Amino acid sequence: MGRRLLLEHDAVPGIETFDVYRKNGGYRSVEKALKTMSPQEVVEQVQLAGLRGRGGAGFPTGMKWSFLAKPEGVPRYLLCNADESEPGTFKDRYLMEKLPHLLIEGMITSSYALGCNLSFIYIRGEYMWILEILEKAIAEAYAKGFLGKNILGSGFDLDLRVAPGGGAYICGEETALIESLEGKRGNPRIKPPFPAVKGLWGCPTVVNNVESLAAVVPIVNDGGEEYAKIGIGKSTGTKLISACGNLARPGVYEIEMGMTVEEFIYGDDWCRGIANGKKLKAFVPGGSSVPILPHYLVTKTAAGDDRIMSYEGLSEGGFASGSMLGSGGFIVFDEDQCIVRNTWNFARFYAHESCGQCSPCREGTAWMEKVLHRLENGQGYMHDIDLLAEINKKIEGNTICPLGDAAAWPVAAAIRHFRDEFEWHVNQPIESQKRNFGLASVPTLV
Amino acid sequence: MVKVTIDDKTIEVEPGTTILSAARQIGGEVVPPAMCFYSKLPGTGGKCRTCLVEVSQGSEKDPRPMPKLVASCSTPVMDGMVVKNTTSEKVKVGRGAVVEFLLINHPLDCPVCDQAGECHLQDLGFENGGEGTRYEEEKRTFDPVDIGNKIKLHMNRCILCYRCVAVANQLTDKRVHGVLGRGEHAEISTYIEKAIDNDFSGNMIDVCPVGALTDKTFRFKSRVWFLKPMEASCECSKCSGKTVVWMFGNEIMRVTARKDQYGEVEDQDGKTGWICNDCRFEKKDISQWNIIGPRKINRHSVISQGNYASPRQTIKKLN
Amino acid sequence: MSSQIHIPISERHSEKPVFSPEKMAEVQRVISEYPEGKSKSAVIRILHFAEDEFGGWLSIETMDYVAEILNIEPIEVYEVATFYTMFNVEPIGKYVFEVCRTGPCMLVGSDNIIEYIENKLDVKVGETTKDKMFTLKTAECLGACGYGPMLQCGKKYHEHLTKEKVDTLIDAYRAGNTNIEI
């Protein structure tokens, strides 16, 4: 096992309470920041740490913070994006459920760095019981003087609230999240203006993922440079990976970036291989929206090197033979899984979750879902496969928000790597309903 | 002032101007089509994606091109920006894609649609669309409903531009319709049977780019190309009273606001010339109007393509 | 499909729904969490409260009542309620089983669980049992991918489902034991 910065104490009984959390070194970063550092110094440490957004896009957090406009007399807001809904991703839930105070601590320190006096955690509505855990923890933090007026005598005030969503994947997009927090439909906004200039209620706003905000705690405690020593290249620090699908031991793991995919899937400390002794067929390393890779590109890159778990390592080879780290939703498929069925399932997800605001996404995602549904049920034609490839090229890049791209990529990748399986569905419409394609595709490495 | 070049034509505009309005200041072929943006209704735009353009140089300072096509209606120009509209192959493909998406669920019932002939979707399809359809699935359908006793909503034809929602928000004191549902199932509706009852609600018909919102007092009365548009005015306490009356012989078939070449309501006396429901729906007698003279309308529309007066131009366009 | 909702009059609330004083206090607390003039932000939370309080679904009367509390137009509430999938705008059963059907859960057998519940309760997805006890729905990813197959009922997640566990669960809910852990 590598170093654990976030989940170090997740197994300590009662860690969800203030006292136990505090005994285990909790809230040190708040003390350190508020008493010994200026807000700008905290921002600098986060920049030094090279922390990249853990929600999926991987944008440097420190840079995002530095974009925040600071006009006089206008409030600024920090919003925590806890609308975790990317299929395959359940790391934020684990973190909030086990260590609610870690998120609260990260939010206090980050709010101080950004000069926010009112911050919100926007949590998906289905996590209502976690909302209750968070509200309880927040009440404790208020009682202990870590929230409210004049925190630790520093003169810094902060109010922290939790707001639930109502069931919409799109609210994980930062401007949709802001709309939803304003009590509206979760339609992403047209950018520019960006939230850093005009966000919640027209004020400058930063939106960060749960894990990113939690990572601010070890960064402030140990210093950005120490944090940056962990990991590899531009992928610094640790990352929570939520492993699921046909794995022997699925769950949430904290990894040091740079370990190999092979170790992660097969290692005894990690996922312990494929469930029921089956063979690996494919994997999706970063949540449903990133490209799927066939088994021969999982542990090795196209160049024959070990594939490593990092932003760069997983995208090695570009979309031709690589994927993305994304949100860390690590989905593994065994040999009995049907790629066409799974692609249809994901397409249905995106069609269901499209907000319906812009035409390429509204019409395109639903169209792909219908074509894939036919293919999966043995009613497709050969030209449907090319049509799908065409539709997703037409959605990609033409939409208001990244949901269009997220819907297009998995379909494109499935056709790229598993075209023979799609063709088999067309050529063997009856057979394809009775059994799966298995590993029939023979790897041909170029 | 900032300098922007669109399809090799350069113009200086105020800082903060969008690419689309800069293009409109140049005029002509360089103007991207817009289905959801409506300059008289702040906050509209960005949704339909028909006005996508390529930015091949971000600005003088940062000449990098923008990675994706951008919505020209909501992207402000930067000094030294270079934009490609008709000269970009990427834009052509992207716009073609948007047209295809807008049409897959559209009923294509132009032969019975009152909007035919002045429909922006027809124009868009004619200019940027492909032949035939690749959509083999069932189209989504809705029943037509009355929203108010003078306005018919054909949700089948709607492209969800949100303009009518903006009208209700900005011109009326109380919005009773909106966009319900999500994704493919999003629809314009009042949710429960409710009349939209407001002096200015009729302007929703004028801003609707397609035949989704139509004037019930004109429904199925005539094709628009058989009518003679005449500029007219009347004394009205609610609006400017400056309208266009559409006549068949001496009979007024319908009344609309005066619209410019982009289909937007023109300014009258320094403000947008929205007209009230009395002028639009009630005054159908010629004696109630002071007829000023023939209204010149922009013959950009599909109806004029069959106009034998200039066959050469038609052929040029078709090529 | 129709543009307007048609709910039988019998299913409507005959009286205007009113929050209990305790719930109303909670509603007011939530509203006060937002800066002045921004009370509309509380709409989603209050709709959740309203569902809990008024039979698990949002009637027109309920939504109008929420609009009145927040001092916004009813259409603004309808727009929100129909956008978010957690809100039911039609009557539902006493307990709603929402089975996750998205990729990771499908890989570990959610399809079989859905079929099993359909047969067991004799309903199709989206339907309510005749005794109005259970409604079966499917949901998109509920963030329990490593613990699938799973279903959500109320605020509770029931994970690592098997057919036997589903049996236990249904029996327990029938008997009114909603605190069951499986």
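Cα to Cα, under 30 Å, and not fewer than 8 places away if on the same chain: which lysines meet these conditions relative to C:Lys120?
Qualifying lysines at Cα under 30 Å: A:Lys370, A:Lys434, C:Lys94, C:Lys130, C:Lys132, C:Lys137, C:Lys155, C:Lys156, C:Lys163, C:Lys165.
Out of all DSSP beta bridges in the protein assembly as shown, what portion is antiparallel? Express it as a percent rounded to 5.
On the way: 63 of 94 bridges.
Taking every DSSP beta bridge within the protein assembly as shown, about 65 percent pair in antiparallel fashion.
When averaged across all projection directions, what area in nm² does the alpha-carbon convex hull of the protein assembly as shown cover?
So the Cα hull casts an average projection of 40.8 nm².
When the label point is put 7 Å from the Cα of A:Asp19 along its Cα-to-beta-carbon vector, which residues of region A:95-110 have a backbone N closer than 19 Å?
A:99-102
By counting other Cβ atoms within 10 Å of each Cβ, how are C:Phe134, A:Phe120 ranked from fewest to most?
Ordered from fewest to most neighbouring Cβ atoms within 10 Å, C:Phe134, A:Phe120 come out as C:Phe134, A:Phe120.
Work out the mean other chain Cβ neighbour count within 10 Å for the residues of A:124-135 and drop it here as an integer. It would help to have the intermediate numbers written out before the result.
Values: counts 4, 8, 12, 4, 7, 4, 2, 3, 1, 0, 0, 0.
Across the residues of A:124-135, the mean count of other-chain Cβ atoms within 10 Å is 4.
Treat the count of other C-beta atoms within 10 Å as a stand-in for reagent exposure and order B:His185, A:His352 from fewest to most.
Sorted ascending by nearby Cβ count, the order is B:His185, A:His352.
Could you compute the FRET efficiency for C:Ala175 and A:Arg4, with r as their C-beta to C-beta distance and R0 at 35 Å, rounded to 0.05?
According to the calculation, E is roughly 0.25.
For A:305-316, what's the mean count of beta carbons from other chains sitting within 10 Å of each residue's beta carbon?
0
What's the magnitude of the charge dipole for region A:117-271 around its Cα centre, counting Lys and Arg as +1 and Asp and Glu as -1 at the beta-carbon? Answer in Debye, nearest 20.
720 debye
Quick one: compute a quarter of the convex hull surface over the Cα atoms of region B:91-223 and quote it in nm².
Over every viewing direction, the Cα hull of region B:91-223 projects on average to 8.7 nm².
Sorted by mean Cβ packing within 10 Å, highest first, what order do the peptides B:205-212, A:378-385, A:70-77 take?
Ranking, from highest mean packing down: B:205-212, A:378-385, A:70-77.
Counting just the Cα atoms, what span does region C:9-83 cover along each of its three principal axes? Round to the nearest Å and put the largest first.
40, 27, 17
Looking at this model, which pairs from A:Lys149/C:Lys38; A:Lys149/C:Lys40; B:Lys3/B:Lys61; B:Lys68/B:Lys90 are more than 18 angstrom apart at the alpha-carbon?
Table pairs above 18 Å Cα-Cα are A:Lys149/C:Lys38; A:Lys149/C:Lys40.
Could you list B:Val265, A:Val210 in order of exposure, starting from the residue whose Cβ has the fewest other Cβ atoms within 10 Å? Numbers along the way, then the final one.
Details: B:Val265 21, A:Val210 27.
Going from sparsest to densest Cβ surroundings: B:Val265, A:Val210.
Label B:Thr133 and B:Glu193 with points 7 Å out from Cα along Cα→Cβ: what is the distance between them in nm?
Going from the B:Thr133 label point to the B:Glu193 one covers 3.1 nm.
Along the Cα→Cβ direction, 7 angstrom out, place labels at C:Lys155 and A:Thr36. What is the inter-label distance in nm?
Taking the two extended label points, one gets 4.0 nm.
If you average the sequence gap of Cα pairs under 8 Å that are 6 or more apart and divide by the length of region C:95-174, what percent do you get for the contact order?
That works out to 38 percent.
Using a Cα-Cα cut-off of under 19 Å, which lysines could be cross-linked to B:Lys150, ignoring same-chain neighbours fewer than 8 residues away?
Hits, sequence-local ones excluded: B:Lys174, B:Lys194, B:Lys216, B:Lys221, B:Lys238, B:Lys283, B:Lys284.
For all pairs of alpha-carbon atoms in chain B, what percent lies in each bin of width 20 Å, listed from the first bin to the last filled one?
P(r) for chain B, in whole percents per bin: 30, 58, 12, 0.
Enumerate the amide H contacts of B:Ile292 below 5 Å, restricted to partners 5 or more residues apart or on another chain; note that Pro and chain-start residues carry no placed amide H.
Under 5 Å from the amide H of B:Ile292: B:Glu231, B:Ala232, B:Ser233.
Beta carbons within 10 angstrom, averaged per residue: use that to sort the peptides A:433-440, C:43-50, A:250-257, A:90-97, highest first.
Sorting A:433-440, C:43-50, A:250-257, A:90-97 by mean packing, highest first, produces A:90-97, C:43-50, A:250-257, A:433-440.
Positive end of the dipole of region C:86-142, charges at C-beta (+1 Lys, Arg; -1 Asp, Glu), about the Cα centre: which of C:Leu121, C:Gly109, C:Met133 has its Cα farthest in that direction?
Positive-most Cα among the choices belongs to C:Met133.
Taking R0 as 30 Å, what's the FRET efficiency between B:Val93 and C:Ile72 from their Cβ-Cβ distance, rounded to 0.05? Show your work: numbers first, answer last.
Working: r = 42 Å, r/R0 = 1.42.
Once the sixth-power term is evaluated, E becomes 0.10.
When only C-alpha pairs under 8 Å and at least 6 residues apart count, what is the relative contact order of chain B, in percent?
Details: 594 pairs, mean separation 45.2, N = 319.
Contact order relative to length: 14 percent.
At a 10 angstrom cut-off on C-beta neighbours, averaged per residue, how do the peptides A:179-189, C:121-131, B:108-118 rank from highest to lowest? Walk me through the numbers on the way to the answer.
Working: A:179-189: 23.7, C:121-131: 13.8, B:108-118: 16.3.
Per-residue mean Cβ counts within 10 Å order the peptides as A:179-189, B:108-118, C:121-131.
At A:Asp305 and C:Glu118, where each label point lies 7 Å from the Cα along Cα→Cβ, what is the point-to-point distance in nanometres?
Using points 7 Å along Cα→Cβ, the separation is 4.8 nm.
Out of residues 5 or more away from A:Gly231 or on other chains, whose amide H comes under 5 Å of its own, with H placed 1.01 Å from N in the peptide plane?
When sequence neighbours closer than 5 places are left aside, the close amide H contacts are A:Gly237, A:Met257.
Name the most mobile residue of B:Lys90, B:Lys61, B:Lys238, meaning the one with the largest mean-square fluctuation, in a Gaussian network model of chain B with Cα contacts below 10 Å.
Its mean-square fluctuation being the largest, the pick is B:Lys61.
Go through A:Lys64/A:Lys393; A:Lys98/A:Lys239; A:Lys184/B:Lys84 and tell me which ones have a Cα-Cα distance over 26 Å in this structure.
A:Lys64/A:Lys393; A:Lys184/B:Lys84
Averaged over peptide A:398-404, how many Cβ atoms belonging to another chain are found within 10 Å of each residue's Cβ?
Across A:398-404, the average partner-chain Cβ count within 10 Å equals 3.
May I ask you to derive the FRET efficiency for A:Asp420 and C:Thr162 from their Cβ-Cβ distance with R0 = 30 Å, giving the value to the nearest 0.05?
Approximately 0.30, to the nearest 0.05.
Every number in this text was worked out from the coordinates using simple rules, so none of it is lab data. In this text, all values refer to a predicted model and were calculated from it rather than measured experimentally. Cβ: placed from backbone, ideal geometry, glycine included. Neighbour counts: every protein chain shown.
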